[in-house]
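*Asks:* Before anything else, here's the structure in question.
The values are calculated or read from the model by the stated rules, or taken from the named source; none is laboratory data. If you're wondering where the values come from, they're calculated on a predicted model, not measured in any experiment. So basically every Cβ, Gly included, is an ideal-geometry build from the backbone, and we count neighbours across all protein chains shown.
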Amino acid sequence: MFNSERCDLCGDCLVLCPYVDYSRDEAVDQFGRLMEEDAPEILTECVTCAGCNEFCEKGANPFDLILARQEQTGIPHIPEENTRMFRGLADVPSVIIPGDSDKPTLSLCSVGDIIPGLFDGPLFKGMTILKGGDYFCRLGYIHMGLETPVRENAARFVESLAAGGAEEIVFYHNDCYSMLALKAEEYGIEVPFKSIHIIEYLLDLVKKHKDNIKPLGMKIAYQRPCASRCTPLKDEYLDELFELIGVERVERKHDRRNALCCGAPLMTRDRKRAKEIKKRNIQDAVSHGAEAIAYLCPLCALNLRKTASAEGLENHHIIELVKHAVQ
Ligand code: SF4
Ligand code: SF4
């Protein structure tokens, strides 16, 4: 939620935005017009990465104002047929695969099958698996300039997850974790279970197997998903995980706070610009010595892997890296 009382109209949010090139005066003008309920150009230019919520040091949440104005004005205009794949995630049949009572539950959302075989093998053995549309948080609607579908489904999403009575649930999809860690409270929804981020789960597991790790010795560029803007502290867990499995996370321009969106949101409305952003992202990885790119979000992997392969990079999900390292 935008906190107008915290905003001093400094313009930092839009000066730091990596997708526009505003001077300080232009940034202040654009943001001031947003606050006056005008429809400035940033409503079209914004790729909905949510980065400015992380850039604003006063905690005003500027992206939440941009999103609210996008929804009010209908800008950007995205044809509904261009978003069919995303909307269809809500209709993926829901399945519960029962596991051992002493193991935590794992929610795969509707995106668990995008990378085939990822959850096969001992790392997730015995866990109760939840997957399908009932466990899809819909946070991705923000990339279409819409928050209402996220808010309207939030209580049902939490109820579906809580229905099995699990005390702890591990979340594969970063969006779902961010929804529970941040948005649920904002919407006044109580979450009756402990949410565990997949990176925390993997880190804990790797620590338990630390005597059986074969260091990978790889230089990797990390593709930080947009939803990580809600939970930036998870970066420290990832650093620790990479160190334990022998992965060097290359210090490139477009990582951490300066990460670039994978381009998927823009593919629905401006493919040329999306391709430019993907290319900028991957060339940054290559120029900083990465030999591979590591993904957390399967949708980032789906969207970036061809561009990465064309530049000679291997593509790996973080889970695959852990599987290779743990003997
Ligand atoms: S939202 Fe934050 S960064 Fe943007 S103008 Fe207001 S105070 Fe500055
Ligand atoms: S959400 Fe991302 S693209 Fe949009 S204004 Fe903020 S930083 Fe720029």
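*Asks:* Quick test for you: out of E190, E185, pick the one residue that is in a helix (DSSP H, G or I), acidic (D, E) and over 15 Å from the mean Cα position of the chain (by Cα).
*Replies:* Details: E190 fails: in a helix (DSSP H, G or I).
Sole residue among the options that is in a helix (DSSP H, G or I), acidic (D, E) and over 15 Å from the mean Cα position of the chain (by Cα): E185.
*Asks:* When segment 1-53 is examined, which residues are found to be touching a residue at least 40 places away in the same chain (Cβ under 8 Å), within 10 Å of ligand 2 (Cβ to nearest atom) and surrounded by fewer than 21 Cβ atoms within 10 Å (Cβ to Cβ)?
*Replies:* Scanning segment 1-53 gives P18, Y19.
*Asks:* May I pose another question? Is it the case that some residue within segment 224-234 is free of Cβ contacts under 8 Å to residues at least 40 places away in the same chain, surrounded by fewer than 19 Cβ atoms within 10 Å (Cβ to Cβ) and more than 23 Å from A308 (Cα to Cα)?
*Replies:* Yes, there is a match, as at least one residue in segment 224-234 is free of Cβ contacts under 8 Å to residues at least 40 places away in the same chain, surrounded by fewer than 19 Cβ atoms within 10 Å (Cβ to Cβ) and more than 23 Å from A308 (Cα to Cα).
*Asks:* Here's something else I'd like to know. Being away from ligand 2 (no atom under 16 Å from the Cβ), exposed (fewer than 14 other Cβ atoms within 10 Å of the Cβ) and closer than 30 Å to G165 by Cα narrows it down to one residue among P93, P104, P79; which is it? Reasoning before the result, please.
*Replies:* Details: P104 fails: exposed (fewer than 14 other Cβ atoms within 10 Å of the Cβ); P79 fails: closer than 30 Å to G165 by Cα.
Of P93, P104, P79, the one residue that is away from ligand 2 (no atom under 16 Å from the Cβ), exposed (fewer than 14 other Cβ atoms within 10 Å of the Cβ) and closer than 30 Å to G165 by Cα is P93.
*Asks:* Determine whether segment 209-230 contains at least one residue that is more than 29 Å from G263 (Cβ to Cβ) and acidic (D, E).
*Replies:* yes
*Asks:* Within segment 28-51, identify whether any single residue is farther than 22 Å from E276 by Cα, within 12 Å of ligand 1 (Cβ to nearest atom) and part of a loop (DSSP other than H, G, I, E, B), and answer yes or no.
*Replies:* Checked against the condition, which is being farther than 22 Å from E276 by Cα, within 12 Å of ligand 1 (Cβ to nearest atom) and part of a loop (DSSP other than H, G, I, E, B), segment 28-51 yields no hits at all.
*Asks:* So which residues in segment 143-163 are outside any loop (DSSP other than H, G, I, E, B) and not hydrophobic (A, V, I, L, M, F, W, C), if there are any at all?
*Replies:* Residues satisfying the conditions are H143, T148, P149, R151, E152, N153, R156, E159, S160.
*Asks:* If I filter segment 250-276 down to residues being touching a Pro at 6+ places or on another chain (Cβ under 7 Å) and assigned to a loop (DSSP other than H, G, I, E, B), which single residue comes out as modelled with the highest pLDDT?
*Replies:* Kept after step one, since they are touching a Pro at 6+ places or on another chain (Cβ under 7 Å), are these residues of segment 250-276: 258, 260, 269.
Retained after the next criterion (residues that are assigned to a loop (DSSP other than H, G, I, E, B)): 260, 269.
Working: L260: 98, R269: 92.
For segment 250-276, the residue satisfying everything is L260.
*Asks:* Quick check on my filter: what residues within segment 61-73 are of a type outside the set (D, E, K, R) and either part of a helix (DSSP H, G or I) or surrounded by 23 or more Cβ atoms within 10 Å (Cβ to Cβ) (or both)? Spell out the reasoning first.
*Replies:* To start, the set of residues in segment 61-73 that are of a type outside the set (D, E, K, R) comprises 61-63, 65-68, 70, 72-73.
Across segment 61-73, the qualifying residues are P62, F63, L65, I66, L67, A68, Q70, Q72, T73.
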